[in-house]
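K.L.:
After the structure tokens below, expect a handful of questions from me.
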Amino acid sequence: MSKLLYESNIIEFVNRDCELRGHGRKKWWAENLGVSSMTLSHWIVGRRHPSTKHLENLFVLSESIIADQERTKLADSLWKSYYDKRVIQPEILKVVVENLLRSSCLQPRLLALLVYLFEKTTPSPYSEPPIMHPLRNRLGWLYESAGLDGGFKPADTETIRLLELSDTVTGDQKIIKKYLSTDQTELGKKWRVYDCSLGKLKANLDWKFRLRLS
């Protein structure tokens, strides 16, 4: 796919998303991309073109929106496998997890389940790391949280969100990041993701699973 066609497809997605969600959506895109609403409008109508870095950020944000739409269905499938005591093939688990980790953020309980399942199935490391840094760093964090080696090192980038916040936590991005940093683990700092300790949640999953087997 040529760069112009690639750019056109992404901009078309942004435009459709803004039209679908209505008032305030352009501002949301602009704030998340770190550009002005006017700049975004110029991109949409074709008066200007996003830089390579902005195009990458547009793609990542587009992927997270699509993944958010599938997140509940994928999470439910993993929880069903857990409660039905069904073994998930490692390569299938990797595909499901990759899609989940493209989401904007995940609940701590779901993250604990992902770590638990990785510990039990031990997926193989990657021969080539994911290109996009949000997925790459989140996957690396998950592998190492499960005591595994993903086969790659963290991408040198800004720290990204991994945790879903409760509805009671509000504020601008600086306030939210400061709030998230209070619970960030050393592993989270290494992989540049805002995480939290999942030890108790994961132990509870293991306890419940063993209880059902008895």
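K.L.:
Output the pairs from Lys53/Lys200; Lys178/Lys200; Lys26/Lys80 with a Cα-Cα distance over 31 Å in this structure; if there are none, say none.
P.N.:
Lys53/Lys200; Lys26/Lys80
K.L.:
In debye to the nearest 20, how big a dipole does segment 1-50 give about its Cα centre with +1 on each Lys and Arg Cβ and -1 on each Asp and Glu Cβ?
P.N.:
Charge dipole of segment 1-50: 120 debye, to the nearest 20.
K.L.:
If one takes the longest principal axis of the Cα atoms in the chain, at what angle in degrees, from 0 to 90 and to the nearest 10, does the Cα axis of helix 133-145 lie?
P.N.:
10 degrees
K.L.:
Return one number: the angle in degrees, 0 to 90 and rounded to the nearest 10, between the long axis of the Cα atoms of helix 3-21 and the longest principal axis of the Cα atoms of the chain.
P.N.:
80 degrees
K.L.:
Evaluate the charge dipole of the chain about its Cα centre and quote only its size in Debye, nearest 20, assuming +1 on the Cβ of each Lys and Arg and -1 on the Cβ of each Asp and Glu.
P.N.:
Here the size comes out at about 320 debye.
K.L.:
Can you give me the relative contact order of segment 95-178 as a percent, contacts being Cα pairs under 8 Å and 6 or more apart?
P.N.:
35 percent
K.L.:
Does anyone have the angle between helix 199-213 and the longest principal axis of the chain? Alpha-carbon axes, 0 to 90°, nearest 10?
P.N.:
The two axes meet at around 50 degrees.
K.L.:
Grab the beta carbon distance between Asp149 and Val95, set R0 = 25 Å, and tell me the FRET efficiency rounded to 0.05.
P.N.:
Between Asp149 and Val95 the formula returns 0.80.
K.L.:
How do the peptides 97-103, 41-47 rank, highest first, by the average count of neighbouring beta carbon atoms within 10 Å per residue?
P.N.:
Most protected by this proxy first, the peptides run 97-103, 41-47.
K.L.:
Over the chain, what is the mean sequence separation of C-alpha contacts under 8 Å (at least six apart), divided by residue count, expressed as relative contact order in percent?
P.N.:
16 percent.
K.L.:
Enumerate by residue number the GluC sites (Glu not before Pro) in segment 1-71 meeting two conditions: DSSP loop (anything except H, G, I, E, B), and at most 13 other Cβ atoms within 10 Å of the site's Cβ.
P.N.:
Sparse-neighbourhood loop GluC sites (Glu not before Pro): none present.
K.L.:
Another question, if that's okay. Under 5 Å between amide H atoms, partner at least 5 residues away or on a different chain: which partners does Leu106 have, H built in plane at 1.01 Å?
P.N.:
HN-HN under 5 Å from Leu106: Leu163, Glu164.
K.L.:
Sort out for me the Cα centre separation of segment 27-55 from segment 96-141, rounded to whole Å.
P.N.:
Computed from Cα coordinates, the inter-centre distance equals 29 Å.
K.L.:
Can I ask one more? Run the reach check for Lys3 against aspartates and glutamates, Cα to Cα strictly under 17 Å, same-chain hits fewer than 8 apart removed. What comes back?
P.N.:
Qualifying aspartates and glutamates at Cα under 17 Å: Glu12, Glu56.
K.L.:
Go ahead and run the numbers for FRET between Lys80 and Asn204, Cβ-Cβ distance against an R0 of 25 Å, rounding to 0.05.
P.N.:
Between Lys80 and Asn204 the formula returns 0.85.
K.L.:
Just order 134-144, 192-202 by mean Cβ neighbour count inside 10 Å, highest at the front, would you?
P.N.:
Output ranking for 134-144, 192-202: 134-144, 192-202.
Every number here is computed from the coordinates shown, using simple stated rules; none is lab data. Owing to the predicted nature of the structure, the values given are computational and were not obtained by experimental measurement. Ideal geometry is used to build each Cβ from the backbone, glycine not excepted, and the neighbour counts take in all protein chains shown.
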